[in-house]
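The values are calculated or read from the model by the stated rules, or taken from the named source; none is laboratory data. Quick caveat: nothing in here was measured; it's all calculated off a predicted structure. Here Cβ is always computed from backbone atoms with ideal geometry, including for glycine, and neighbour counts include all displayed protein chains. What goes into the accessible areas is simple: the full protein's heavy atoms, side chains included, and nothing from ligands, DNA or RNA. Shrake-Rupley method; radii C 1.70, N 1.55, O 1.52, S 1.80 Å.
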Amino acid sequence: MSFVVLVLLCALTGLVFGDSKPKTCSDLRQFYSSKGFSLNGVPQTEIFGEHLRVCSQGYTCCTSGMEENLLNLSRREFETQVKESGRTLQASLNGQFKSFDDYFLELLNRSEASLQTSFQAGFGSLFSQTAKVFQDLYSDLRHYYRGSNVNLEEALNEFWARLLERLFKALNTQYIIGEEYLECVAKQSETLKPLGDTPRELKTKITRTVIAARTFAQGLVISGEAVRKVSQVYMSTECVHAIMKMSYCPHCSGVAFAKPCSNYCRNVMKGCLANQADLDSEWRNLADAMLEVVDKLSRPYSVDSVVLSLPKRIAEAILYMQDNLNTFNNKVFQACGSPVQSSNSEDQIKRGTNTAEEVSGTPGAQLEKLLSDVSRMLRDMMQYWVHLPRKLCVDRESGPSETDRCWNGMNVDRYLPDVMGNGLASQINNPEVEIDITKPDMTVRKQIMQLKIMINRLKYAINGNDVDFQDTSDDISGSGSGMCADDQCSRDTRLSAPNTDKPNVYGYPSENKKVVKGRSSQNLPCVSLCLLSLVTVLLRR
């Protein structure tokens, strides 16, 4: 009787498991080796995967050591991919900055060279007596543009005051003019306007133009730095597990041919890049503000026309004083007293001529192209952070025709969960990446604050207002920086959603459809139960 039972049991076992012998691991071994790993310890045929922590615990070609290696590889590859994408945008921003920076500094150089040439030809000896004043003006403009602690309005006022002193002494060589007398002359100049309206008009144009140029250039730098820092954020363990599960678990499960389902990949990426997506609002605001500044650089007076017209406008102011010198002198003498006659018999300086080139108020071709290129880049980058998950999925995900034959994280079939929204708060029910939305990444939050500071400065610049332009890295460090304390942050409703357990939602085979690459080994518990029941019945007989 026992022999009959044994024969029957063996026969039934053969029927059930006849085709279930473990498959070869040759494909995985080749793939694993191509990633630079040693094949020591890699199975020749499939083993049961109860040791796996991330991938499915069915029959597999992956050991726990291999899984750990692939987890580390997943982290490196994903972080590199995010960095490389960021480097592309950062290179674009840096390139636009360099183009604008080179252009603006060259404008200042051309303007200064034009002033020297035209003034030497038109004013002769008067230029040598005022040359240092002009040099200091352009030096102040460069330092201000570069971000030095220079008050632009005060620098311009100082320029006109020093120019007036030099001119008054040079045009009145018949008198002995002392420092005290010059102070009195300076006080009268506020009402007498010896240089005409040019100082006031030019100050308005110069301040608006140079403030806009400096703030715009700094906006490009801050944007590039934000991209660099946010693209280097360390990925969480949960994110790395999700990337591994999506990228390498198909190889461990023997379905390496299947690409991740499109929506599955989006959910993984949106979960891993949730903090970065929170830059979206301020990032778009920054791009909008910079586009407004671009408009200010081209009209109503283009940046090149304002800078290049400096020599002609300054020459006009000097000629105005020469033409009205007697009237100005008479009023100054009435207010300050007649100065002492000098024994020098120097010839009076002749009236100069304005030989500086007239500059058109419309932007030149080079400026138009530069501003057009940077405007296009700013518009293209507006949705960078919310489009990044989709961008990183392009080369990974399955095509539209493979919605039923793609990797959904568990097997090859359709992916059912919905795609999550953008940003940290939207990931509370992400089925692929477990995230604590109450703990935002502080590197990203710091960059959001940096962007807000830069936006405020751009808005000031749009209105022609100067701001304290210290290094922005100091703006949000230390106490009083605007960063909220823990008890304050917790009151932010966007970050205080309840920490509920994440539901496990996975794709599963649709009804009346065979699972691709199914395994008879998955039915082992059920088959064993049937066999034991049959043996029990036979023994009882």
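Scan segment 200-230 for residues that are under 13 Å from MET290 (Cβ atoms) and more than 26 Å from the chain's Cα centre (by Cα) and the total you get is 0. Sub-6 Å Cβ pairs linking a first residue in segment 187-210 that is in a helix (DSSP H, G or I) to a second residue that is among the small types (Gly, Ala, Ser) and surrounded by fewer than 19 Cβ atoms within 10 Å (Cβ to Cβ), at least 6 apart or interchain, are GLN188/ALA335; ARG208/GLY464, ordered by first then second residue.
Note on segment 328-349: residues that are out of contact with any Pro (no Cβ under 8 Å at 6 or more places or on another chain), part of a helix (DSSP H, G or I) and open to solvent by less than 80 Å² (accessible area, probe 1.4 Å) total 4. Considering segment 68-109, the residues that are of a type in the set (Ser, Thr, Tyr) and closer than 22 Å to LEU392 by Cβ include one that is surrounded by the fewest Cβ atoms within 10 Å (Cβ to Cβ), namely THR80.
Considering only residues of segment 295-315 that are among the aliphatic types (A, V, I, L, M) and open to solvent by less than 10 Å² (accessible area, probe 1.4 Å), which is farthest from LEU378 (Cα to Cα)?
The first filter runs over segment 295-315 and keeps only residues among the aliphatic types (A, V, I, L, M), leaving 297, 303, 306-308, 310, 314-315.
Adding the requirement that they be open to solvent by less than 10 Å² (accessible area, probe 1.4 Å) leaves 297, 303, 306-307, 310, 314-315.
Values: LEU297: 15, VAL303: 19, VAL306: 25, VAL307: 25, LEU310: 30, ILE314: 36, ALA315: 39 Å.
Result: ALA315.
Yes or no, residue by residue, for (1) without any contact (Cβ under 8 Å) to a residue 12 or more places away in the chain; (2) crowded, with 17+ Cβ neighbours inside 10 Å; (3) among the hydroxyl-bearing types (Ser, Thr, Tyr); (4) not in a helix (DSSP H, G or I):
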site	(1), (2), (3), (4)
ARG351	no, no, no, yes
ASN354	no, yes, no, yes
GLU357	no, no, no, yes
LEU378	no, yes, no, no
VAL386	no, yes, no, no
SER401	yes, no, yes, no
GLY409	no, yes, no, yes
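Taken together, the residues in segment 153-170 that are open to solvent by 70 Å² or more (accessible area, probe 1.4 Å) and in contact (Cβ under 8 Å) with a residue 60 or more places away in the chain amount to 1. Looking across segment 129-156 at every residue that is polar (S, T, N, Q) and modelled with pLDDT under 95, the one that is farthest from ARG208 (Cα to Cα) is identified as GLN129. Among the candidates GLY254, GLY271, GLY224, the residue that is at positive phi and either in contact (Cβ under 8 Å) with a residue 40 or more places away in the chain or open to solvent by less than 20 Å² (accessible area, probe 1.4 Å) (or both) is uniquely GLY254. Against the condition aromatic (Phe, Trp, Tyr), part of a helix (DSSP H, G or I) and closer than 30 Å to VAL386 by Cα, how does PHE78 come out, does it pass? When the stated conditions are applied, PHE78 passes them.
Taking GLU46 as the residue in question, decide whether it is touching a Phe, Trp or Tyr at 6+ places or on another chain (Cβ under 6 Å), acidic (Asp, Glu) and either at pLDDT 95 or above or surrounded by 13 or more Cβ atoms within 10 Å (Cβ to Cβ) (or both). It would help to see each step written out before you state the result.
Details: touching a Phe, Trp or Tyr at 6+ places or on another chain (Cβ under 6 Å): yes; acidic (Asp, Glu): yes; either at pLDDT 95 or above or surrounded by 13 or more Cβ atoms within 10 Å (Cβ to Cβ) (or both): yes.
Answer is yes for this residue.
Among the residues of segment 305-315, are any closer than 30 Å to LEU164 by Cα, in contact with a Gly (Cβ under 8 Å, 6 or more places away or on another chain), among the aliphatic types (A, V, I, L, M) and touching a residue at least 12 places away in the same chain (Cβ under 8 Å)? For segment 305-315, residues closer than 30 Å to LEU164 by Cα, in contact with a Gly (Cβ under 8 Å, 6 or more places away or on another chain), among the aliphatic types (A, V, I, L, M) and touching a residue at least 12 places away in the same chain (Cβ under 8 Å): present. Given VAL150, VAL133, which one is within 18 Å of VAL307 (Cβ to Cβ), free of Cβ contacts under 8 Å to residues at least 40 places away in the same chain, touching a Leu at 6+ places or on another chain (Cβ under 8 Å) and not aromatic (Phe, Trp, Tyr)? Answer to the check: VAL133. Looking across segment 425-464, just one residue is assigned to a loop (DSSP other than H, G, I, E, B), open to solvent by 10 Å² or more (accessible area, probe 1.4 Å) and modelled with pLDDT of 95 or more, and that is GLU432.
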